[in-house]
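What follows is a single structure, written as structure tokens, with notes after it.
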Amino acid sequence: MKAVRIHQHGGPEVLQYEDAPEPTPIGPDDILLEVKATSVNHLDIWVRGGLPGMKVNFPRILGCDAAGIVREVGANIDKVRPGDRVTVNPGSYCGHCEYCLAGDASLCLSYGIIGEHGDGAYAQFVRVPGRSAVHLPDAMSFTDAAAVPLVFLTAWRMLVTKAEVQPGEEVLIHSASAGVGTACIQIARRCGARVIATGSSDEKNEKARALGADVVINYRTEDVVKRVRELTKKRGVDVVVDYIGLDTWSKSIQCLRRGGRLVTCGATTGYDPKEDLRHIFYRQLSIFGSTMGTQRELEAVFRCVSRGELKPVIDRVLPLSEAVQAHRLIEERKTFGKLVLTP
Ligand SMILES: [Zn+2]
């Protein structure tokens, strides 16, 4: 089959479109999915570039989001059948540790992500756990479906499960043009909040506004903290979503109201910001870490998507053979929403 693999860490140029063995035979708990569409996530870029503590065996097929047609099912799987149209929860879990038994698989002691801890979906076929499959509504295209799982699952858990955003609250979303950001805007609105989104250009900010952001701030030309204080009449926002890290962390803290909540799921600009703890204890802020989510959260996302209440935002669709270009576009922040790849 054709796949995009890396044989070493590095820049986009290490992505190789080449022949790779099909991921067969499958185990009794697995399914074999014919990939019709996959999408690019920042996680793919981290796996490609390498991170301290991240162990990657080479060659490795990248990609954590997949939508396609089930071609084979393991002996223990009755949830899906060959021919079913599905997408997949990118997270895998053991099912029997303390956290899995408590119903919170994203805390699993052996939690893994497709493409990070094993071969992924930048390929014509991928082997995934059968219990992770989610059926697609008939009307949903594979390209739309591939743009949903990781970013919407991440955003849903942050805003709905962790921060518990309430109607009437105000939510600040940094760099909202990223895939997770476009999901956060819609979910925060769905929760009844007023959404303040930041972006690097007026063009991106207009798209964020069209998606549901009530107010947009150009972080290159405006002082985000000052603008948020004006917009909230010095009160500050109830919730900040921060996956930027180093560049935004102290601004996030300063933008919160007393007793506000900060939820973080990533650190694309650096993971070691300086922190003044007085702001946290004196103003009684809450910091929530969040990563991925549960099968139940992903099923909830897909119910909303199938009803048209949430919609995947796709910048463009490229053939899988152009994965190098796709990674470049994401790293150069030239996209709004998701880049989808089709094998
Ligand atoms: Zn577990």
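The values are calculated or read from the model by the stated rules, or taken from the named source; none is laboratory data. Bear in mind that the values here come from a model prediction, so they are computed numbers and not experimental data. Cβ: placed from backbone, ideal geometry, glycine included. Neighbour counts: every protein chain shown.
Would you confirm, using the coordinates I've provided, whether Gly337 is within 24 Å of Phe142 (Cα to Cα) and crowded, with 17+ Cβ neighbours inside 10 Å? Give the derivation first.
Details: within 24 Å of Phe142 (Cα to Cα): yes; crowded, with 17+ Cβ neighbours inside 10 Å: yes.
For Gly337, the condition - within 24 Å of Phe142 (Cα to Cα) and crowded, with 17+ Cβ neighbours inside 10 Å - is met.
Can you pull out the residues in the range 226-248 that are buried (at least 17 other Cβ atoms within 10 Å of the Cβ) and out of contact with any Gly (no Cβ under 9 Å at 6 or more places or on another chain)? Of everything in the range 226-248, those that are buried (at least 17 other Cβ atoms within 10 Å of the Cβ) and out of contact with any Gly (no Cβ under 9 Å at 6 or more places or on another chain) turn out to be Arg227, Leu231, Thr232, Thr248.
With respect to the stated conditions, Ala176 fails to be within 17 Å of the chain's Cα centre (by Cα), under 27 Å from Cys97 (Cα atoms), surrounded by 23 or more Cβ atoms within 10 Å (Cβ to Cβ) and assigned by TED's automatic domain parsing to the domain that holds Val241.
Scan the range 230-258 for residues that are within 14 Å of Arg283 (Cβ to Cβ) and among the charged types (D, E, K, R) and the total you get is 5. Restricting attention to the range 128-171, the residues that are surrounded by fewer than 24 Cβ atoms within 10 Å (Cβ to Cβ) and part of a loop (DSSP other than H, G, I, E, B) add up to 11. Restricting attention to the range 79-106, the residues that are in contact with a helix residue (DSSP H, G or I) (Cβ under 7 Å, 6 or more places away or on another chain) and among the charged types (D, E, K, R) total 1. Restricting attention to the range 109-124 and to residues that are free of Cβ contacts under 8 Å to residues at least 60 places away in the same chain and more than 7 Å from the ligand (Cβ to nearest atom), the residue that is nearest to Gly289 (Cα to Cα) turns out to be Gly112. For the range 103-115, indicate whether the set of residues that are of a type in the set (Phe, Trp, Tyr) and farther than 26 Å from Ile314 by Cα is non-empty. For the range 103-115, residues of a type in the set (Phe, Trp, Tyr) and farther than 26 Å from Ile314 by Cα: present.
Return yes or no: is Thr264 buried (at least 18 other Cβ atoms within 10 Å of the Cβ) and of a type in the set (Ser, Thr, Tyr)? When the stated conditions are applied, Thr264 passes them.
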